[in-house]
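Derivation of every value follows stated rules applied to the coordinates shown; laboratory data play no part. It should be emphasised that the depicted structure is a prediction, and the values quoted were computed from it without experimental measurement. Heads up, the Cβs are rebuilt from the backbone with ideal geometry, glycines too, and the neighbour counts pull from every protein chain shown.
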Amino acid sequence: MSGLPPLPVRALRWRAPHPSPSSYSVMCWNMLAQCYTRSEYFPSVSPKSALKWKHRGPAIVAEVQRLAPDVVALQEVDNWDFMSSELGSAGYDGVRKGKTGGKKDGVAVLWKRALLRLAESEEVETDIKGGVGLLVRLEPASAASDGGGSFVVATTHLFWNPQLEVLKLRQAELCLRRAAAFARGGPLVFCGDLNSMPGSDVLALCEGGVAVRHTFTPMREGDDEESGACEPEAAPPAVETFEPPLRLHSAYEPPPAYTTLTDTFRGCLDHILLTRHWRCLATLDMIDEADILAEKSLPSSRFPSDHMPVLAVLSLGGADAGERATNEDDEWSDRSYKSYDSAQDDRPWH
């Protein structure tokens, strides 16, 4: 689209001294799978050529190179051969886990090979709407490095339908348990498109360190995954309790007002969550809403996905916002839980 300004610069918002050798930048981004770029899903996108992979693919790679994270967790990853080849040429190694149930996209974690190497990885299948997760343990590439020890990066992409939050909670609880077991009490970065806003039951499960009692209306099987249409069962509301295996805190405090923005929806769905081992030194500012909506909606000719990347600079050996958890045990599954009951919540966002 002619007449548009150049891509805006996104600044790092520093809240502590600049990085030490044990600092790493971690980026999380739903890159929008090409298999989901049908025109009817994005009626406001203009020109429609902005949805084509020949435009989007190079732009996605360019955005990763522009932000240059040490570690990048991606969701909705298809065209993996292209992505791994192009980012490989830019200095990254990575692994991918495809979704199940016939879905064509998946999740991936990549890292700068000059800084880090893969120690081990593990795949997660939730058996719920094709949902998957990926766990990787990374360690300094050089034995002589003073960049600290190994750490775990976990990523997932939770189900999208807001009418079926109970499915997101089931996916999240399973991924959190697997991530906690894989991390074995060590440093963990848990990130992804959680399709959940700050203040949701999903974020309460991740961040609150308390059991979440979720009240929901049972839905019939076979909901329309494209339209989101669901048919309630002729049954009273049900309650399901979810227990967190660990306690996390957000790298962003406060969270961005949005990580996805269209002419019909605005919300923060993408999150970088940390165990108490990490200190957050900086987070990446969000691009101004007016700059995004200059083309009415994401994606666009300048922004190749319907989500914006989030990025944090993290340092091992400090807790930052997690100071409140410094003397707490990571093994939350052995604790007595204070219960959080969504049915009795009177917060305005509920």
Set the Förster distance to 45 Å, then compute FRET efficiency between D127 and D93 from the Cβ-Cβ distance, nearest 0.05. 0.95
Pick out which of M219, M197, M83 has the largest mean-square fluctuation in a Gaussian network model of the chain, springs linking Cα atoms closer than 10 Å. M219
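Give me the tail of P(r) for the stretch 111-185 as a percent: Cα-Cα pairs with distance above 14 Å. Walk me through the numbers before you get to the answer.
Details: 1721 of 2775 pairs.
Percent of Cα pairs beyond 14 Å in the stretch 111-185: 62.
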In a GNM of the chain with a 10 Å cut-off on Cα contacts, which of D285, D105, D81 has the highest mean-square fluctuation? D81
With a ≥ b ≥ c the root eigenvalues of the C-alpha gyration tensor of the stretch 77-117, is it rounded (a/c under 1.5), prolate (a/b larger than b/c) or oblate? oblate
Taking each pair of distinct Cα atoms in the chain once, what is the resulting Kirkwood hydrodynamic radius in Å? 20.7
Gyration tensor (Cα only) of the stretch 34-154 to equivalent ellipsoid, semi-axes in Å sorted down, yields 29, 19, 10
Label zone at E120, where the point sits 7 Å out along the Cα-to-Cβ direction: the stretch 184-215 residues whose backbone N lies under 13 Å: 184-186
Check C191: other-chain or 5+ apart residues with amide H under 5 Å from its amide H, H built from backbone geometry? A154, T155, T156, L273
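Please state the relative contact order of the chain as a whole percent: Cα pairs under 8 Å, 6+ residues apart? Walk me through the intermediate numbers first.
Values: 776 pairs, mean separation 74.8, N = 350.
21 percent.
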Can you work out the FRET efficiency for the pair S85 and S142, with r the C-beta to C-beta distance and R0 = 25 Å, to the nearest 0.05? 0.50
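Looking only at Cα atoms, what is the convex hull volume of the stretch 234-306 per residue, in Å³?
Values: hull volume 11.8 nm³, N = 73.
So the per-residue Cα hull volume is 162 Å³.
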Name the residue, out of P21, P237, P218, whose mean-square fluctuation peaks in a Gaussian network model built on the chain with Cα pairs under 10 Å. P237
Share of antiparallel DSSP beta bridges in the chain, in percent to the nearest 5? 80
